Amino acid sequence: MSAPASSRTEEEKREWVVLLVGRPNSGKSSLFNAITGGDAKVGNFPGVTVDVLDATVELPGAGRARIVDLPGVYSLLDAPDPHTDEGQARAFIDQAEKSGDRVMIAQVIDGTQLSLGLRLTKQVLARDTRALLVVTQRDALSKRGYELLPDEIERALGAAVIGVSANDPNVRDMMLRALAEIAINEATAKPITDFDESTVAALAVREKDHDKLAARARRELTDRVDRWLLHPLLGPIAFVAIMSALFAAVFLIADPASAAMDAVMGKLGLVVTSAIGDGFWGSLLKDGVLGGAGTVLAFLPQIVILTVALELIEASGYLARGAFLIDRALKAVGLGGRSFVPLLTAHACAVPAIAATRIIRDPRQRLRTMLVLPLMACSARIPTYSLLIGTFFAAHSPLFRGGVFMFLYFAGIALGGLASIVIGKVTQQGRGHALPLLLEMPPYRRPRARTMVTVGWRGTKRFVREVGSVILAASVALWVLLRVPGPHTVDTAPDDASPRVVAMHHSVAAWIGHEIEPVTKPLGFDWRLNVGLIGSFGARELMVSTMGVIFGIEDTEQDESTLRDEIRLAKNADGKPAYSALTAASLMAFFVIACQCMSTVAALKRETRSWRWPLFVLGYTYALAYLASLIVYQGGHALGFG
């Protein structure tokens, strides 16, 4: 007997949950973006998707469906660490099937590695859940001289199969129609799970006779490139050269643009003063908004270039090869090749990098990776590095300044390696046998221009949103604190200072900075730098915005001078220069090591499920930062560099 019409209607109203499942680097995120128009991070290395992403679509004639992009899994039978990305994906699948929702699995299989993907297919088809097999990279196979025959897989397995390319403009319609057909028509027979993967792959992927020579030439080209890039001696040299070029480009290419934007902010400040004067509102806009948030915004080009450069490495296929090359070096310090992606991601931001450690299967290795990630030079440090280098090393050549910038990056990497060794010995995290690195080498792929533009735009929006919210609010709050009188202060204003500069030197912010001067004076820091260091714990960029607000107030000439000029010309009460290149070196040494980011602390707490390790990171990084800064400043003075 059929169900009542009302029951059928209610059933039809329930949305489907479509789980995109597949091995790492199978193309799930690219397919997710193509279907939903989303912006899941797409890359060419296992673990690029470490969070569960979803979006709702309409299936033709079958109602609504929630498409869920899960992290990659190698097996649905093994019991992985529940805190890894694979463990979280497995838990999500099990919970979805037990929830009573209408669920189907869309297994995404890389067509260029079909036999490997079919191993997971056996486990997918063995589950009591409707399934669609989606074979990707159809275009890549065609370029190599091969033809994909999805019908052969369907006949061999008795399951629904489609072949797609994520770059095909029709892929969305193809996927939605295939999912709708499975949603409407329940299979009458169980699929076959006892099959030989190699045999099925040989039936489904055949070489085109007329493309054999071209395909062979492309494969030979890839092999020739890999012979150089994966060479035991030349490969690491090429890797260091590529990373060095990346870090140098961030400074050499973007620094002129940042300097130009800084000059624009100076002109805007002059326009504001001319329009509404230098009273309360004029000072708020010029010194609080433009001097604070506007100064940080000037470093947007460097943030965008770094973000796009990291995406290029991922999308091209070189990221996996980099992990392979650096695996031995990382193992020597207690890490491994799978730590490479989080370490590289940390150069953009430590927060997603900490989440990316879920790809590391060894719990000991994962913890050590998380504990050293704050030492990597994240993009939030870039404004401070650029400001100090551009201020105190302006007389040197661009190559010298770029070299200083690169040194700061590699200093963080080297310190991370040393910290990992020490942490392993102190916390006894080095015991046991490390798991070997098992990695599939993806083919080289040409990064899509549209994806690069999307990544750059997303990075721009994220940075501007942060500048327009957290940094703007903090800059205005600091401007207020610099105008409110403090309980008791030391008169450090120059003798010829204007009344508003004298008032700032007697403000609450100045009082706070003076209170911790006995601790920071051996490092060469005065009250102004102290206020910046306090603010930078909320967001590292606040160091620059703090300097922008303070020196905006101290700029009594009302000219177009930039923040770099103001810092370079700053004087103490005795008329001597307030800062020198040695001060800049000391501050950069502190910034390289200290974990000045409460978002990173929160991420560590979330991933380790304990306050023990976040407090450990804060303790050891601040202690080392203070010691390094002390050695740089006092050692420089002893050697006559003061």
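The values are calculated or read from the model by the stated rules, or taken from the named source; none is laboratory data. Predicted, not measured: the structure shown is a model, and the values here were computed from it. For neighbour counting, all protein chains shown are included, and Cβ atoms are generated from backbone atoms with ideal geometry for every residue, glycine included. Heads up: the accessible areas ignore ligands, DNA and RNA and are worked out on the full protein's heavy atoms, side chains in. Shrake-Rupley method; radii C 1.70, N 1.55, O 1.52, S 1.80 Å.
Here are the numbers for this structure:
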{"quantity": "Flag for Ala380 being over 19 Å from Ile423 (Cβ atoms), assigned to a loop (DSSP other than H, G, I, E, B) and either touching a helix residue (DSSP H, G or I) at 6+ places or on another chain (Cβ under 7 Å) or open to solvent by 10 Å² or more (accessible area, probe 1.4 Å) (or both)", "calculated": "no"}
{"quantity": "Number of positions in segment 358-375 that are open to solvent by less than 10 Å² (accessible area, probe 1.4 Å) and modelled with pLDDT of 85 or more", "calculated": "7"}
{"quantity": "Inter-residue pairs, beta-carbon under 6 Å, first under 16 Å from Ala248 (Cβ atoms) and in segment 367-386, second β-branched (Val, Ile, Thr) and assigned to a helix (DSSP H, G or I), 6+ apart", "calculated": "Ser379/Ile303"}
{"quantity": "Scope segment 91-112; condition touching a helix residue (DSSP H, G or I) at 6+ places or on another chain (Cβ under 9 Å) and assigned to a helix (DSSP H, G or I); matching residues", "calculated": "Gly111, Thr112"}
{"quantity": "The one condition in (1) β-branched (Val, Ile, Thr); (2) open to solvent by less than 30 Å² (accessible area, probe 1.4 Å); (3) over 22 Å from Gln113 (Cα atoms) that Val171 fails to fulfil", "calculated": "(3)"}
{"quantity": "Some residue of segment 4-23 being of a type outside the set (A, V, I, L, M, F, W, C), touching a helix residue (DSSP H, G or I) at 6+ places or on another chain (Cβ under 8 Å) and either assigned to a loop (DSSP other than H, G, I, E, B) or modelled with pLDDT under 70 (or both)", "calculated": "yes"}
{"quantity": "Selected residue (only one of Glu97, Glu147, Glu152, Glu86 is open to solvent by 10 Å² or more (accessible area, probe 1.4 Å) and within 20 Å of Ser30 (Cα to Cα))", "calculated": "Glu86"}
{"quantity": "Wholly enclosed helices (runs of 4 or more DSSP H) of segment 134-245 bearing at least 3 residues under 36 Å from the mean Cα position of the chain (by Cα) and at pLDDT below 85", "calculated": "138-143, 212-229"}
